[in-house]
Amino acid sequence: MDTRTPEELLAGMTWSQKLAQLQILWRRDQDDALALARGGIGALFWPQSAERTNALQRAAIEESAHGIPLLIGLDVLHGQFTIFPTPLAQAASFDRSVPAADARISAAEARSGGVNWTFAPMVDVARDPRWGRVVEGFGEDSFLAAALGAAKVAAYQGDDLTAADVLAACVKHFVAYGAAEAGRDYNTTDVSRRRLRETYLEPFRSAVAAGAASVMAAFNSLNGTPMHAHRRLLTDVLKAEYGFEGVVVGDADGVAQLVRHGVARDEADAVRQSLAAGLDIVMGGPELAGDDVPLIERGAVDAARIDDAVLRVLRLKKALGLFQNPFADAAAERTAPTPQTLRTAQDAAERCVVLLKNQGAVLPLPAGTQRILLTGPYATSTDHLGAWVQHFGAQAGTLADALRAELPEATWTVASGAEFLGPSDADIREAVLLAAKSDLVLIAVGEPSSISGEAGSRADIRLPGDQEHLIQAIADTGVPFVVILITGRPLVVEAWIDRAPAALLAWHLGTRGPEAIARVVAGAVNPGGRVPMTFPRAAGQIPIHHDAENTGRPARTGGSMAVHRWDVGLQGPNNLDDYYTSKFLDLERGPRFAFGHGLSFTTFCLEAASLSTSEIPCTELRAGARVVVSASVRNVGERDGDDVVLVYLSDPVASLAQPVQRLRGFRRVAVAAGEAASVSFELGVDDLGFWDDEDRFVLEPGELVLTVTDGTDAERLALNVTP
Ligand code: GLC
């Protein structure tokens, strides 16, 4: 038991020893990692077992000059051994309990092996599905990302970081990484101060308020300043304004990359700038104090800043209980899922499935002896884990096996057909012949996880390979079919979606993904997920998101294509009012699937939406008064199901143009057939005001409109905010 306080430890450390505490490195070779531990490094990546981790901790404690234990970090983003749906899929659940369930189980599995720090949750708001990393976050909406991110932080960390089944969270990537131009990973971001506050900073403020132990800086430059050297945001906003007392860690080699950004002369200059700006731990890069030789000389950075960084690191280690016991109990190490963790993962996966279309109630499939063809690469693929899972996560099964188990009386034919990327004319011909002998075809297509995630940006976000041709060929047979879309991001589905009677959005759902999909297809589960990130009609439509501004010339959604006729230049538009509006000549207006879209196997209707008051003074709101929005959801169908009720705020007249709607509340609610359920939301000044472009939060008198909707019904409520 080491009873030294962080301050006492700091007082006894040399300049080099302090610098060494401010770095995390990875080494595949355990001997190299042991040498770093003996040299007094502050943190290391997990060496993939409790035994090897304990050896590193022992080396740090018994052989380093100061005996300080190690932070042991790892990206546990949506599972360690039990893999949960990807975070974007989790967002589709519109249910805080889903990311929380993931975090609790992932933390227990990871901590048992000696991990004590996870680089998660990722809360980057993303509005460009070309960006591969949309899979790691909670979609396009800041309010949803803030809520789910905070829930995940709380679940990773529990009530006491010394517990054997929790992890220090690291909310990332600070900030506006998702605003990368063209959706090209690591690309430049240029964001107004107002947008930065309203959209990108809010999930971080929320995660810090939820107690996040650490924050990771983003790779991108923001308005010309790389985030790894962004003093105003790292220190003045995150640490001073938000009161963040934890650790800011750089991303992999993010400090060294300041040289390539063109703001640092060399790596030493980069380290100096980052630490001075408010970064506390450098990830990767050259050793800060290899062989006790400091990379930057004493005085290169204000000594008080270095001491502050070291104290933040030591306090985190203290909070994790590493000075009392840094060792994992190897006898209790968990290296595989259990039936209970798999059950929880499957429950989570079932809540993430979105029913996009269901014409003629093709779904759920009736039990019985019908002849079903299952085709498409995801018929037999096991690639359901999604991006950012460690290679030791439990493998998923196949959709073919799961469907056969769920619908044993059907006569199944499986022809996996088109490979994800390869030519497949013969496969398609075979599938067509088999379809002709079937009563129904399930076409399981999508995006392999290998083209999702970090550095996985795609310029063309349609189904890769010949999958679209497979769908068209099956559609040409006239046999009823259902498309099951398994993907890491929203895709452009225009080429085939209108021909598909039914379509399920099934993401990458993790270890029990196939089983979850099968239960929805068979009707054992009534899907309740909603689209958390807009599906554009074309990549050229991006960015497109639900909370855009109206513009001075808004185009009517659903406007006729007539005005887009190619000859419009010759004959003149047939409707001037419609022509000179914000639209594309060559594309239907509006998204293919909007944020919040999702169907059910039953029918809901919204009732009795009301406000606790129709008028309230700004002064009362600023003093903490809340307005309560209430509504009732009735299930008028014959099956139990979940509905998702959303509350949007509109501010028709303000000193700055406002988004046409801003999400201000969401609630997923289970409603039995024939029953009703009440929901209510409390809104305060933080929900009703907005940020201006001078970094000021303002609440203005005027009429606000609160819309309560479940995606089908909607009720608008007026709230008059008086001076
Ligand atoms: C990666 C990612 C970051 C991750 C880190 C450590 O490059 O950007 O999200 O946590 O490296 O693996």
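Structural remarks
- Filter on 239/318; 18/318; 18/317; 152/239 - keep pairs with C-alpha separation over 18 Å: 239/318; 152/239
- Each residue of region 228-234 was assigned a 3J(HN,Hα) from its phi angle through the Karplus expression (A = 6.51, B = -1.76, C = 1.60, θ = phi - 60°), giving 6, 9, 8, 4, 4, 7, 6 Hz with x at Gly and Pro.
- Computed from label points 7 Å out along Cα-Cβ, the spacing between residue 26 and residue 653 is 5.6 nm.
- Region 431-533: trypsin sites (Lys or Arg not before Pro) in DSSP loop, at most 14 other beta carbons within 10 Å: 437
- For region 16-106, fraction of C-alpha pairs farther apart than 23 Å, in %: 39 percent
- Chain lengthening between residue 550 and residue 498 when straightened (0.36 nm per residue, less Cα-Cα): 16.0 nm
- Residue exposure sequence - 352, 618, 605 - by fewest surrounding Cβ within 10 Å: 605, 618, 352
- Net lengthening on full extension, residue 340/residue 613 (0.36 nm per residue, minus Cα-Cα): 93.7 nm
- Cα-based shape type of region 288-336, given that a ≥ b ≥ c are square roots of the gyration tensor eigenvalues and the cut on a/c is 1.5: prolate
- Charge dipole of region 347-522 about the Cα centre (unit charges at C-beta), most positive-ward option of 463, 518, 392: 518
- Taking the Cα centre of region 347-522 as origin and assigning +1 to Lys and Arg Cβ atoms and -1 to Asp and Glu Cβ atoms, the resulting dipole is close to 300 debye.
- If the chain linking residue 367 and residue 692 were pulled fully straight, counting 0.36 nm for each residue of separation and taking away their Cα-Cα distance, it would gain 111.3 nm.
- Under 5 Å, built H, 5+ apart or other chain: amide partners of residue 168: 117, 118
- Principal axis extents of the Cα atoms in region 604-722, from largest to smallest and rounded to whole angstrom, are 52, 24, 18.
- Residue-by-residue Karplus 3J(HN,Hα) for region 55-62, coefficients 6.51, -1.76, 1.60, Hz, glycine and proline x: 5, 5, 5, 5, 5, 5, 6, 8
- The phi torsions of region 191-200, fed into the Karplus equation with coefficients 6.51, -1.76 and 1.60 and a -60° offset, translate into couplings of 10, 5, 4, 5, 5, 4, 5, 5, 9, 9 Hz, rounded to whole numbers, with Gly and Pro shown as x.
- For 507, 412, 46, order by how many other beta-carbon atoms lie within 10 Å, fewest first: 412, 46, 507
- Note on residue 266 and residue 293: the model spin-label points, each 7 Å out from Cα along the C-beta direction, lie 1.2 nm apart.
- Relative exposure of 648, 580, 177, judged by other C-beta atoms within 10 Å (fewest first): 580, 648, 177
- Largest-first principal axis extents of the Cα set of the chain (Å): 76, 64, 55
- Residues whose amide H lies under 5 Å from that of residue 592, counting only those 5 or more places away or on a different chain, are 535, 537; hydrogens are built 1.01 Å from N in the peptide plane.
- For residue 187 and residue 58, the FRET efficiency from 1/(1 + (r/R0)^6), where r spans their Cβ atoms and R0 equals 51 Å, is about 0.75.
Here, each number is a calculation from the coordinates, and none is a lab measurement. This structure is a prediction, so every number in the text was calculated from the model and none was measured. Every residue, glycine among them, receives a Cβ derived from its backbone with ideal geometry; neighbour counts consider all protein chains shown.
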